[in-house]
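Trainee: This is the structure, below, for whatever I ask next.
The values are calculated or read from the model by the stated rules, or taken from the named source; none is laboratory data. Quick caveat, the model's predicted, so the values are computed rather than measured. For neighbour counting, all protein chains shown are included, and Cβ atoms are generated from backbone atoms with ideal geometry for every residue, glycine included. Accessible surface is based on the protein model in full, side chains and every heavy atom, while ligands, DNA and RNA are left aside. Shrake-Rupley method; radii C 1.70, N 1.55, O 1.52, S 1.80 Å.
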Amino acid sequence: MTGFTPGTNAALPEAVGKNFPHRRFFPGGSSVNSSLYIGATGMKGLAQGMQVTTNNLANVSTIGYKHQSILFSDILYQSQAGMGNWWNAQEDSRVAIGQVGMGLQVESVRTIFQQGGLESSNTVTDMAINGKGFFQVMDEKDGGVYYTRAGDFRPDNQGVWRTPTGLALMGWQIGADGSKGSLAPVQVDTFATIPARTTSSVELTLNLNSRADKSASAENPYFALLDQYDGRSSTPLSTDAYTYSQPMTVYDAEGNARTVTAYFDGAPSDSPNRYMEFLLAAEPTVKYDEEGNAIAPEPGDGLLMSGVLQFDSAGNLQSVSAFTPATEGSKELEDWVPAQLAGGLPQFTLDGAPMTLDLGIRAAGGWENAPASAADVGTDMHLLPSMGEGAITSQYPTTAFSSSTPTSTYKQDGYAEGFLSTVSIRNDGTVVGHFSNSESLDLWQIPICRFTSEDGLRREGSNLFSATPDAGQMEMGMAGTENYGTVQAYNIELSNVDMATEMVNMIITQRGFQSNSKVVTTADQMLQKAMELKRS
């Protein structure tokens, strides 16, 4: 039969009529004539089936491609007179056996949204959805909104993450306070910075297992370290003056890194309880007058806090007393007053920036039995301020266990200005920026979209789908919650086409098409034979 190419949308019944002009073609003709029509519908339907199979095989390597399946149904049936009959004289036992089929038609072509395999890549913006859902992308030129499973995004010269065809990935920008903004194209500035943050709290945990008192003082035994300190020296405290020291890096109001050292030494006690004094000092900095001349340092330059840790006989922390200088640079005990408490923690000031010191215990209220100044304590340990009976001990407080080796850890919440180094994406779609100051910041939240009926989506090419009324309501949510899939960075989703299955379908379709073409030629031969009998 000429004029027909498998896979086209040619109207085969009409083609059959043109190629066999000796017989007018219509469905309601003779049985042989109907066979021509039926065979033609089979050829047309199977040709469309071959088109679906071919398209699947062509996209076997297409990222995020979802294969299609074609479904056929039979066409209406023609009743044959006299073939029905009554059976057993029962009115409800009519046997309807007088129907003859009229061929095949394509019922639907469905997209099978089965999960495709994941293939790893070396690019963080390659994202695959493991589970249900789609990424939302937008054509900024006409405002068109589309959905895709192909997550091979790349940043453009403005930092906007786009598909290979230029559509922008949509997401929620996350503010500094953690709030989410409105939906917008995901844009990450390669030169983004995170501003410096002043240290507001310092947590210090140690085990002080030495009972040595290297800086003993007859008049002020609980401030002997303060008396030994000399801010005019390059080494304000000699190593012979203390038992332990812990340097810490904090950040001042301008974001500059400053080294603050905590010094510890034994102190006398007239009870089984143990006492240890501590001193907190920053490295002395050179100061200048209005004319730019260096100012000679004072003995107390760099001093921040002085106090005493009180342990029970087993080495458990019971209380902390702390004093800070009312006059900067002063070593006079009359100028040292009980430290301000912030959240139950003693507070010191570094270049105008207030910071709390957490040694593992905090006051439930204010100081108890607080003297006016450190000078009032003298040699009486009972005159030291106390955090009281309601003091709250943290899970990991400073201790004085004699059986353990000295250990120390500290952390603080400040940092210097940082520049964006790398980006990572969590499974919930959160884009995290990692900065040169070892800090990280949540930048964007990439949502996942799902539909009431995925079968109602329209394929637009370029790995895109568009929503139609048949798709139902679109819901947008966070990946990994409820019925939304998770986002897998450094991965792309492969096509879900099974090549072996498609090859089998192609062979079956080919054989079906050949069989139906044989029906058409055989029916034509029968008609020709009938015409010859009439002429003879």
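Trainee: Identify the single condition in (1) closer than 30 Å to residue 376 by Cβ; (2) surrounded by 17 or more Cβ atoms within 10 Å (Cβ to Cβ) that residue 216 does not satisfy, given that it satisfies every other one.
Mentor: (2)
Trainee: Restricting attention to the stretch 412-426, which residues are farther than 26 Å from residue 249 by Cα and open to solvent by 80 Å² or more (accessible area, probe 1.4 Å)?
Mentor: The one that is farther than 26 Å from residue 249 by Cα and open to solvent by 80 Å² or more (accessible area, probe 1.4 Å): 426.
Trainee: Tally time: how many residues in the stretch 113-151 are closer than 18 Å to residue 422 by Cα and of a type outside the set (Ser, Thr, Tyr)? Please lay out each step first, then the result.
Mentor: Keep residues of the stretch 113-151 that are closer than 18 Å to residue 422 by Cα, which gives 121-127.
With the extra rule that they be of a type outside the set (Ser, Thr, Tyr), the set shrinks to 122, 124, 126-127.
Going through the stretch 113-151 one residue at a time, the tally reaches 4.
Trainee: If the Cβ limit is 8 Å and pairs must be 6+ apart or interchain, which residue in the stretch 278-295 that is in a loop (DSSP other than H, G, I, E, B) pairs with which residue that is surrounded by fewer than 10 Cβ atoms within 10 Å (Cβ to Cβ) and modelled with pLDDT under 75?
Mentor: Within 8 Å, the pairs are 286/294.
Trainee: Which of the following residues is within 14 Å of the chain's Cα centre (by Cα) and among the charged types (D, E, K, R): 498, 442?
Mentor: Every option except 442 fails the conditions.
Trainee: Can you name the strands (runs of 3 or more DSSP E) wholly within the stretch 118-172 that have at least 1 residues being touching a helix residue (DSSP H, G or I) at 6+ places or on another chain (Cβ under 9 Å)? Can you show your working first?
Mentor: On the way: elements: 118-120, 127-130, 135-139, 144-148.
Filter on the stretch 118-172 gives an empty set.
Trainee: Looking at the stretch 359-377 only, could you name the residues that are among the charged types (D, E, K, R) and part of a loop (DSSP other than H, G, I, E, B)?
Mentor: Quick first cut of the stretch 359-377, residues among the charged types (D, E, K, R) only: 362, 368, 376.
Those that are among the charged types (D, E, K, R) and part of a loop (DSSP other than H, G, I, E, B): none in the stretch 359-377.
Trainee: Right, here's the next one. With a cut-off of at least 3 residues that are surrounded by fewer than 19 Cβ atoms within 10 Å (Cβ to Cβ), name the strands (runs of 3 or more DSSP E) lying wholly within the stretch 427-529. Give the derivation first.
Mentor: Numbers: elements: 430-435, 440-445, 448-451, 458-461, 464-466, 474-477, 486-489, 491-493.
Ranges flagged: 440-445, 458-461, 474-477.
Trainee: Ok, one more. Which condition breaks for residue 172 when tested against (1) surrounded by 13 or more Cβ atoms within 10 Å (Cβ to Cβ); (2) hydrophobic (A, V, I, L, M, F, W, C); (3) modelled with pLDDT under 90?
Mentor: So residue 172 meets the others, but not (3).
Trainee: Now, a different point. Out of all the residues in the stretch 224-240, which are more than 21 Å from residue 351 (Cβ to Cβ) and open to solvent by 10 Å² or more (accessible area, probe 1.4 Å)?
Mentor: Residues of the stretch 224-240 that are more than 21 Å from residue 351 (Cβ to Cβ), as a first pass: 224-225, 227-228, 235, 238-240.
Residues satisfying the conditions are 227, 228, 235, 238, 239, 240.
Trainee: If you scan the stretch 253-282, which residues turn out to be surrounded by fewer than 21 Cβ atoms within 10 Å (Cβ to Cβ) and more than 41 Å from the chain's Cα centre (by Cα)?
Mentor: Within the stretch 253-282, 268, 269, 270, 271, 272, 273 qualify.
Trainee: I'd like to check something: does the stretch 313-321 contain any residue that is out of contact with any Pro (no Cβ under 9 Å at 6 or more places or on another chain) and closer than 23 Å to residue 236 by Cβ? Steps first, please.
Mentor: Residues of the stretch 313-321 that are out of contact with any Pro (no Cβ under 9 Å at 6 or more places or on another chain), as a first pass: 314-315, 318.
Next, from what is left, pick out any that are closer than 23 Å to residue 236 by Cβ: none.
Within the stretch 313-321, none of the residues are out of contact with any Pro (no Cβ under 9 Å at 6 or more places or on another chain) and closer than 23 Å to residue 236 by Cβ.
Trainee: Name the one entry in 375, 370 that is in contact with a helix residue (DSSP H, G or I) (Cβ under 8 Å, 6 or more places away or on another chain), open to solvent by less than 60 Å² (accessible area, probe 1.4 Å) and either hydroxyl-bearing (Ser, Thr, Tyr) or over 21 Å from residue 201 (Cα atoms) (or both).
Mentor: On inspection, the qualifying residue turns out to be 375.
Trainee: Another question about this same structure. Part of a loop (DSSP other than H, G, I, E, B), touching a residue at least 60 places away in the same chain (Cβ under 8 Å) and either surrounded by fewer than 19 Cβ atoms within 10 Å (Cβ to Cβ) or within 20 Å of the chain's Cα centre (by Cα) (or both): which single residue out of 177, 189 fits that description?
Mentor: On the way: 177 fails: touching a residue at least 60 places away in the same chain (Cβ under 8 Å).
One residue alone meets the criteria, 189.
Trainee: Identify, by number, the condition in (1) open to solvent by less than 40 Å² (accessible area, probe 1.4 Å); (2) out of contact with any strand residue (DSSP E or B) (no Cβ under 9 Å at 6 or more places or on another chain) that residue 391 doesn't meet.
Mentor: Only one criterion is unmet by residue 391, namely (2).
Trainee: Related question: Taking the options 356, 409, name whichever one is in a strand (DSSP E or B), polar (S, T, N, Q), open to solvent by less than 20 Å² (accessible area, probe 1.4 Å) and under 30 Å from residue 267 (Cα atoms).
Mentor: Working: 409 fails: open to solvent by less than 20 Å² (accessible area, probe 1.4 Å).
None of the other options fit; the residue is 356.
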